[in-house]
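The values are calculated or read from the model by the stated rules, or taken from the named source; none is laboratory data. In this text, all values refer to a predicted model and were calculated from it rather than measured experimentally. Counting neighbours? That spans all protein chains shown, and the Cβs are built from the backbone with ideal geometry, glycine included.
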Amino acid sequence: MTELNVFLFVTNICVLLLCGALMPIVPMLTRKSFLFGVKVPPEAQDTAQAKALKRNYITLTVLGGIIVLAASIWQYIAAPNYTIYAIMFFPLVLVAIQILAFVPNHSKALELKSQLGWNVAEIKYADTKTSFTRGNLSAMPHFWYVISLIIVFVSFVVALVRYPALPDPIPTHWDFNMEPNGWSPKSLGTVLLMPIFSIVMVAIMWLTGVLIEKAKLQIDHEEPAKSFAQHKKYRRLMGHGIGLLTVALVVMFFVIGLQTVFVGFTVPMWLALAIIIVPTIPICVISIRAGQGGTLLKVNTTEITAANNNAIAGNNAMSDDKYWAWGLFYHNPDDPACFVGDRFGGNIGFNYSRLPVKIGVSIGIVALVASYIWIIILFQELI
Amino acid sequence: MLIQINTYAEKPIYEQLRDNIIMGIASGQLAEGESLPSARVLAADLGVSFHTVNKAYDILRSGGYIVMDRRTTAIVAPKKTGGDIPAALAEKLTMCAAEAICHGIDESIFAKACAENYRKIKGGDIQ
């Protein structure tokens with residue numbers, strides 16, 4: 001139990017540090033057209049009022065992050081057996097803090113917008129050649145997933161070929177020095193667990209790729225053609241990033257699975273972690289340098305031309321802000337798209353008025369709650 | 001071509017869409033026979049109702065700008081040459097002339113502005 005607790009504690013601190021560090025810098029990563037989910041002209045970002053809101057948000061999130069971090073350290077010292085609950089619930093507390101810090105600033109940003117007349121024309125774009133929402137799935141880098149599936153297939157074959165020669169029970173769990181400390185009775189299920197798990201993971205990653213391909217692009221008004229080209233480039237980059245990550249995860253599971261089917265063969269912990277961390281670093285660097293939706297990418301815009309822009313002057317005081325509840329949740333029954341560009345931080349938002357989204361989000365919440373209950377029951381025996 | 005509409009403009013969305021596409025065809029950004037996105041896809045991309053896009057496509061089809069290929073795909077209609085001014089267009093021209101007269105614009109200036117616009121659009125210079 002102690003070793004498990006140490007492992008859980010370290011993971012928990014890492015997750016909290018990562019999320020906690022990311023939380024305050026989200027306003028800097030968000031595109032300049034949005035101030036806490038409110039559509040504003042990019043110049044508005046540099047006003048004293050907007051900066052004050054951002055400072056308020058940063059202070060709240062940094063403070064909240066420190067408190068949660070302190071709480072999880074205190075929890076580990078006071079009641080180490082409950083670390084599993086910390087790892088389950090403290091990240092949720094961080095999310096709650098982020099929302100609590102966000103919503104009041106969103107309301108203030110709305111007020112400021114009407115007071116200071118930060119009006120922007122609500123212009124919508126569509127390309128006649130490529131759809132933003134139906135996504136050109138053939139343009140996705142499928143080869144990453146093909147490579148992943150080939151590796152999974154190899155791990156299936158290796159597991160099945162080695163199966164007759166395996167001892168009973170077989171080691172299935174290792175400590176930090178990679179000495180086996182957990183054994184399971186020999187069965188096909190045990191041996192094939194990692195490959196099956198890998199297939200599920202490839203499917204989830206592929207769906208993530210599809211989601212990115214299908215999310216609606218948010219085009220900046222100043223230079224729509226440039227913004228559009230940036231989005232396309234960014235989408236390609238993200239597609240490759242997710243694909244690379246999938247291959248890395250599959251390789252890691254493949255290597256870990258080898259420990260089960262070749263008794264005595266062990267992989268050092270650092271290697272297993274390196275397989276996953278090394279490809280993650282360039283992905284993080286690229287996504288930060290590209291900005292949200294690729295707003296910082298350099299592109300060639302000659303391939304796209306914009307139609308006549310004369311006829312679209314409109315009421316600039318009106319905007320889609322009203323469709324974004326709290327500036328976070330998009331609910332527009334007129335919009336047939338399920339996935340839209342996010343207004344804060346993330347790259348994909350949902351249109352909560354669509355039935356498939358309602359079903360999907362409900363399934364997600366039920367799955368999360370169910371897995372939490374399952375983990376709680378599982379750990380009740382251990383504590 | 002990049003279609004642009006303003007959902008809060010006085011001009012209805014279906015008219016903006018129609019104008020975008022006509023301008024695209026006239027300026028050569030939309031080539032003869034090029035297929036347009038389906039009404040559903042375009043509606044989702046623009047974040048407007050499917051019926052709005054359908055209405056625009058209906059108007060474009062009855063105006064002879066697009067034709068429906070196998071009843072599902074809208075494609076840009078073949079180029080016409082040397083035709084007479086259709087009635088709907090003649091009506092618009094009449095109104096333009098009337099407005100110009102009300103503004104006290106000289107006949108020669110009005111004619112020059114018309115010709116300039118014609119040349120600009122045909123040359124693809126519509127920014």
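Quick notes on this structure:
- Residue, surrounded by the most Cβ atoms within 10 Å (Cβ to Cβ), within region A:117-173, restricted to residues that are touching a Phe, Trp or Tyr at 6+ places or on another chain (Cβ under 8 Å) and of a type in the set (Asp, Glu): A:Glu122
- Condition met for B:Ser27 (in contact (Cβ under 8 Å) with a residue 40 or more places away in the chain and within 10 Å of chain A (Cβ to nearest Cβ)): yes
- Residue within region A:94-106 that is more than 19 Å from A:Trp326 (Cβ to Cβ) and without any contact (Cβ under 8 Å) to a residue 60 or more places away in the chain present: no
- Residue, farthest from A:Ile288 (Cα to Cα), within region A:15-73, restricted to residues that are basic (Lys, Arg) and modelled with pLDDT under 90: A:Lys39
- Selection count where residues are out of contact with any His (no Cβ under 8 Å at 6 or more places or on another chain) and either within 14 Å of chain B (Cβ to nearest Cβ) or hydroxyl-bearing (Ser, Thr, Tyr) (or both), scope region A:109-131: 11
- For region A:63-77, the count of residues that are touching a residue at least 60 places away in the same chain (Cβ under 8 Å), in a loop (DSSP other than H, G, I, E, B) and not assigned by TED's automatic domain parsing to the domain that holds A:Phe228 is zero.
- Residues of region B:8-22 include none that is facing chain A (nearest Cβ under 7 Å) and in contact (Cβ under 8 Å) with a residue 40 or more places away in the chain.
- Odd one out for A:Gly364, checked against (1) under 18 Å from the mean Cα position of the chain (by Cα); (2) surrounded by 11 or more Cβ atoms within 10 Å (Cβ to Cβ); (3) of a type outside the set (A, V, I, L, M); (4) within 30 Å of A:Leu8 (Cβ to Cβ): (2)
- Selection count, region B:36-75, where residues are among the β-branched types (Val, Ile, Thr) and out of contact with any helix residue (DSSP H, G or I) (no Cβ under 6 Å at 6 or more places or on another chain): 5
- Identity of the residue in region B:45-59, hydrophobic (A, V, I, L, M, F, W, C) and within 13 Å of another protein chain (Cβ to nearest Cβ), that ends up nearest to A:Ser131 (Cα to Cα): B:Leu46
A quick yes/no check of all residues on (1) outside the structural domain of A:Asp342 (by TED's automatic domain parsing); (2) of a type outside the set (A, V, I, L, M, F, W, C):
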position: A:Val93; (1), (2): yes, no
position: A:Lys113; (1), (2): yes, yes
position: A:Ser131; (1), (2): no, yes
position: A:Ala139; (1), (2): no, no
position: A:Phe156; (1), (2): no, no
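- Region A:263-284, residues that are closer than 24 Å to A:Pro167 by Cβ and of a type in the set (Gly, Ala, Ser): A:Gly264, A:Ala272
- Looking across region A:209-256 at every residue that is among the charged types (D, E, K, R) and assigned to a loop (DSSP other than H, G, I, E, B), the one that is nearest to A:Pro141 (Cα to Cα) is identified as A:Lys216.
- Which numbered condition A:Glu213 misses (of (1) within 14 Å of chain B (Cβ to nearest Cβ); (2) crowded, with 17+ Cβ neighbours inside 10 Å; (3) at pLDDT below 80): (3)
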